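See below for the structure under consideration.
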Amino acid sequence: MIQLTDGETSQPLPDIQSTGDKRNVAINKVGVTNVRYPISFRTPGEGHGNTFIHTVATINMFVSLPHEEKGTHMSRFVEVLNDYHEGITSDTIREICVTMQDKLKAKDAFLELSFPYFIDKKAPVTGQSGKLDFDVTFEIASGTTDDFIMTLKIPATSLCPCSKEISEYGAHNQRCEMTVKVRVAEGHHLWIEELFGMIEKCASTQVFSVLKRPDEKWVTERAYENPKFVEDIVRDMAVTLNADDRIEWYQCFSENFESIHNHNAYAFIECDKRPESA
């Protein structure tokens, strides 16, 4: 029975989602998308990660639905988030996915969080500090396969080796976006900041939020001294990721936003480092 506001009771409302379905078609993922929610992450600052960064994530939440069930209970997804209203943190993300699976009585559950992340980055010469933002995505699965994939989209600068070689002076450069997706081996941990620092070094040079003239001179000359094709960038990314034993699988790709063409340059590498995949 359902209790009404005036103290009276009514008959239970029908639960259509729990009724059967005769089409015999299972659904891989059903749920809610584009839920915005505040989250917090530990950072590798002083005190071994006792500091936090706060941001807002766009969250997708899904479960699998067997062929005999008509629908899932959409409100329960948001209820799970509300159970963590004090803040979704890096320590509770996996727990949230398992809670979704249990609360919706599903075989599989999937959680996706996309959010802007900010780091303090000092200019290379003057040392002036500024906030640099980049995009991060977490993909978590619980059930038939337990999984966690971290994706970073990292801005950087590239300079064309061919342009430098054939020109009497100067060389054309461009902004590039390096994307890395990693699966970290069980029992290991990789900070967002660590992965960012590893990958941004693979471009011709880094980008900064605050640059004074001495810094701008350094960045310009650094790119000129370190020319790279998009192929060079992804190969250097792969070499870096191969050298880290914590990473068991990765995808890395770079898109260079050309300054002298009306198209972009792109390269992609994927590698599964697990012995059984060889």
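Any read-out appearing in this document is the output of simple, stated calculations on the displayed coordinates, not a laboratory observation. Small disclaimer: the values here were computed from a predicted structure and weren't measured. A quick note on method: Cβ atoms are made from the backbone with ideal geometry, for glycine too, and the neighbour counts reach across all protein chains shown.
Some observations on this one:
- The range 107-160-the range 214-271 distance, computed between alpha-carbon centres (Å): 16
- Of all beta bridges that DSSP places with both ends in the chain, some 95 percent have antiparallel geometry.
- Ordering Ser142, Ser259 from the fewest to the most neighbouring beta carbons within 10 Å gives Ser259, Ser142.
- Inverse mean reciprocal Cα-Cα distance (Kirkwood Rh) of the chain, Å: 21.8
- The chain: relative contact order as a whole-number percent, Cα under 8 Å and 6+ apart: 13
- Degrees, to the nearest 10: 230-242 long Cα axis against longest axis of the chain: 60
- For the pair Lys70 and Ala243, a Förster radius of 41 Å applied to the C-beta separation gives a FRET efficiency near 0.20, rounded to the nearest 0.05.
- Extension gain from Thr51 to Glu276, taking 0.36 nm per residue of separation minus the Cα-Cα distance: 77.2 nm
- Signed unit charges on C-beta, dipole axis of the range 151-278, positive-most listed residue Val210, Ile247, Ser259: Val210
- Spin-label model, His261 to Glu193: label points 7 Å out along the Cα-to-beta-carbon direction sit 3.7 nm apart.
- The chain, helix-only ellipticity at 222 nm - DSSP H runs n ≥ 4, -39,500 (n - 2.57), divided by all residues, nearest 500: -7000 deg cm²/dmol
- Each of Leu159, Leu132 was scored by other Cβ atoms within 10 Å of its Cβ. Listed from fewest to most, they are Leu132, Leu159.
- Three-way shape call for the range 68-107 based on the alpha-carbon gyration tensor, with the a/c threshold at 1.5: oblate
- For the range 28-145: rounded, prolate or oblate by the Cα gyration tensor [a/c cutoff 1.5]: prolate
- Neighbour-count order for Ser90, Ser75, fewest beta carbons within 10 angstrom listed first: Ser75, Ser90
- Dipole in debye (nearest 20) - the range 28-145, about Cα centre, beta carbon charges: Lys, Arg +1; Asp, Glu -1: 160
- Sequence-separation-based contact order of the range 151-278, relative, with Cα cut under 8 Å and 6+ spacing, percent: 31
- Label-point separation, Cys162 to Arg175 (7 Å along Cα→Cβ), nm: 2.4
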